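Novice: After the structure tokens below, expect a handful of questions from me.
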Amino acid sequence: MTMERSRDWVMRAAILVPYLWLLALFLLPFLIVLKISFSQTVIAQPPYTPLLDLSAGWEGLKNFFAALSLENYATLFSDSLYAWSYLKSLQVAAISTAILLLIAYPVAYALARAPRRWQGLLVLLVVLPFWTSFLIRVYAWVNILQHDGLLNKALVALRIVDAPVTWLATDTAVYIGIVYSYFPFMVLPLFAALEKLDNTLLEAAADLGSPPWRTFFQVTVPLSLPGIAAGSLLCFIPIVGEFVIPDLLGSSSTAMIGQTLWTEFFGNRDWPVASALAVVLLCILVPPILIYRQREARRFEATR
Amino acid sequence: MKRFSTINLAALALGLAFLYLPIAILVIYSFNDSRLVTVWGGASLRWYRALFNDSAMLEAASVSLRVAFLSASAATVLGTLAALALTQRFRGKLMFSGMIYAPLVMPEVITGLSLLLLFVALEFQRGFWTIVVTHTTLTLCFVAVVVQSRLITFDRSLQEAAMDLGCPPLRTFLVITLPLIWPAVASGWMLAFALSLDDLVLASFVTGPGATTLPLRIYSEVRLGVKPEINAVCTIMIAVVAVGLIAASLLTKRSAAGAQLGGRV
């Protein structure tokens, strides 16, 4: 009896401690963002009308609701700068996810087909750069892509171009940086799916006279769809809100939403508009996040 | 016996070249004697010497290491508890697992902004400790996922046997469960440490006066263009990570070999 009770008590603590931590530091902050996105900008410290004042009782509650305004959302929809920013982010995320899929698939396929003896080492080699700093990896490309950098030197030496090309502060540079940084995130889920592929299915297709390319598109690709979905979501969602890569490699004229939010917050010190931007961005990302979450839950149930 | 086919070998070679060439170039140029970052002026350790006289950079490195150590340790405890919770049934589990998985893909600008607004609302002094708390919150989710994947594959009958024989739950955890899942806990800690050391966006939001982490410092320099000194800092960071990972893989290999041996006996 006491045994059972102490067991319950320990388990309850194990659940409660991280639960409370996440409620206080993950969920509550979102509610605050939501509230501030409905507040008016004031020139003060902090620069928005105050939060709910419960000490004022019913009167405070009434004031709280009276002070809510849609002004920031109206700003968001009236200025096309913001709409373009969202569209730009979605476009960059969609195109880079497609490029990632195209170049990561052959690598993941080769990894899955590699001799067992080498597989562990090769997977480690793909994961290794993920452990070095994100910032360092983006900075490495600033080195290469700058005006008199190695890429231009190589291109001029090989007579591919006559004069150095401008790479930095272009969309191309942003795509290169994103594809480079997210490469392991795409390879690993694809590898996990392709590794489980049943070889006998490929043999059966070959025995029945299917040419290799047809087997690939009719057997391999459909069977790796879970990996394709997982990798694409894992890349697409964070790329939409990416800040560091477009900031260091892109130009400020075509800002992604992460940069716009950053500028509103740090540059213009307009916290309510920055919050509204975050709320809308979150609404855009909720469907893909829910799909990702559901797939993870299903995968988890399957492995149990 | 499977062997590499030419096309697969080519795909792997190209993929790995794409991953490693930029880093290799950065490392090589950190030993460049020339002040011009694009002209090779012979090998030298000049920028490393300059680095060790740069007190702001050293201070930033020390802040980063302390933040990473504290937040990774807290995240490992909380994340392991969260992983244990995820294997149980309880009310509100759906929301709990949602809060574990969402931060993994949530854009950092949103997480950073929301935590900053929380600290402002609570009138919390921003600086070192707000960065620690922020990093703990993000990385505990990563630890939870890593440890959970270990918990669902390990043999739970050992744990149940210990409990049935009257071992108290806390002791069961420390004597049976923890030794079995410890490789996952250790790699969770390392992952948390690396993520904390790496973070720029969250730290930018929640930092205050006097708490500049290494990425914040590097970022403010990089925005002004490429500097040879930054190449040197990056090379040292890469070297530290590489040594840590090799040590970790040797350790886990040994413990895996030990576990196999134990299994046979």
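Novice: Out of curiosity, is A:ARG293 under 30 Å from B:PHE205 (Cβ atoms) and out of contact with any helix residue (DSSP H, G or I) (no Cβ under 9 Å at 6 or more places or on another chain)?
Specialist: Here the answer is no, as A:ARG293 does not meet what is asked.
Novice: Then there's this: Considering only region B:37-93, state which residues are among the polar types (S, T, N, Q) and within 25 Å of B:VAL185 (Cα to Cα).
Specialist: Selection gives B:SER62, B:SER64, B:SER71, B:SER73, B:THR76, B:THR80, B:THR87, B:GLN88.
Novice: Can you confirm whether B:ARG49 is free of Cβ contacts under 8 Å to residues at least 24 places away in the same chain and of a type in the set (D, E, K, R)?
Specialist: It is true that B:ARG49 is free of Cβ contacts under 8 Å to residues at least 24 places away in the same chain and of a type in the set (D, E, K, R).
Novice: Limited to region B:213-227, what total is found for residues that are within 19 Å of B:TRP47 (Cα to Cα), more than 8 Å from every other protein chain (Cβ to nearest Cβ) and buried (at least 24 other Cβ atoms within 10 Å of the Cβ)?
Specialist: 1
Novice: Restricting to region B:109-129, name every residue that is closer than 21 Å to A:LEU34 by Cα and more than 7 Å from every other protein chain (Cβ to nearest Cβ).
Specialist: B:THR111, B:GLY112, B:LEU116, B:PHE119, B:LEU122, B:GLU123, B:PHE124, listed by residue number.
Novice: Return yes when B:ASP33 is surrounded by fewer than 21 Cβ atoms within 10 Å (Cβ to Cβ) and in contact with a Ser or Thr (Cβ under 6 Å, 6 or more places away or on another chain) and no when it is not.
Specialist: yes
Novice: If I go through region A:186-227 residue by residue, how many of them are surrounded by fewer than 16 Cβ atoms within 10 Å (Cβ to Cβ) and closer than 24 Å to A:ILE239 by Cα?
Specialist: Counting residues in region A:186-227 that are surrounded by fewer than 16 Cβ atoms within 10 Å (Cβ to Cβ) and closer than 24 Å to A:ILE239 by Cα gives 1.
Novice: Now, a different point. Looking only at region A:140-175, which residues are among the β-branched types (Val, Ile, Thr) and under 15 Å from B:ILE23 (Cα atoms)?
Specialist: Matches in region A:140-175: A:VAL142, A:ILE144.
Novice: So, one more: Under 9 Å by Cβ, and 6 or more places apart or on different chains, what pairs join a residue from region B:150-176 that is at the interface with chain A (Cβ under 10 Å from one of its Cβ atoms) with one that is in a helix (DSSP H, G or I) and aromatic (Phe, Trp, Tyr)?
Specialist: B:ILE152/A:PHE300; B:PRO169/A:TRP9
Novice: Next up: Is one or more of the residues making up region A:292-300 more than 23 Å from B:GLN148 (Cβ to Cβ) and under 19 Å from the mean Cα position of the chain (by Cα)?
Specialist: No, region A:292-300 contains no residue that is more than 23 Å from B:GLN148 (Cβ to Cβ) and under 19 Å from the mean Cα position of the chain (by Cα).
Novice: List every residue pair whose Cβ atoms lie under 6 Å apart, where the two residues are 6 or more positions apart in sequence or sit on different chains, the first residue falls within region B:186-212 and is in contact (Cβ under 8 Å) with a residue 60 or more places away in the chain and within 11 Å of another protein chain (Cβ to nearest Cβ), and the second residue, located anywhere, is acidic (Asp, Glu) and crowded, with 24+ Cβ neighbours inside 10 Å.
Specialist: Pairs that qualify, where the first residue is in contact (Cβ under 8 Å) with a residue 60 or more places away in the chain and within 11 Å of another protein chain (Cβ to nearest Cβ) and the partner is acidic (Asp, Glu) and crowded, with 24+ Cβ neighbours inside 10 Å: there are none.
Novice: Same structure again: Anything in region A:159-215 that is under 35 Å from the mean Cα position of the chain (by Cα), basic (Lys, Arg) and assigned to a loop (DSSP other than H, G, I, E, B)? List them, or say none.
Specialist: Scanning region A:159-215 gives a single hit, A:LYS196.
Bear in mind these aren't lab numbers, they're just calculated from the coordinates by the rules spelled out. Everything numeric in this text was worked out from a predicted model, so none of it was measured. So basically every Cβ, Gly included, is an ideal-geometry build from the backbone, and we count neighbours across all protein chains shown.
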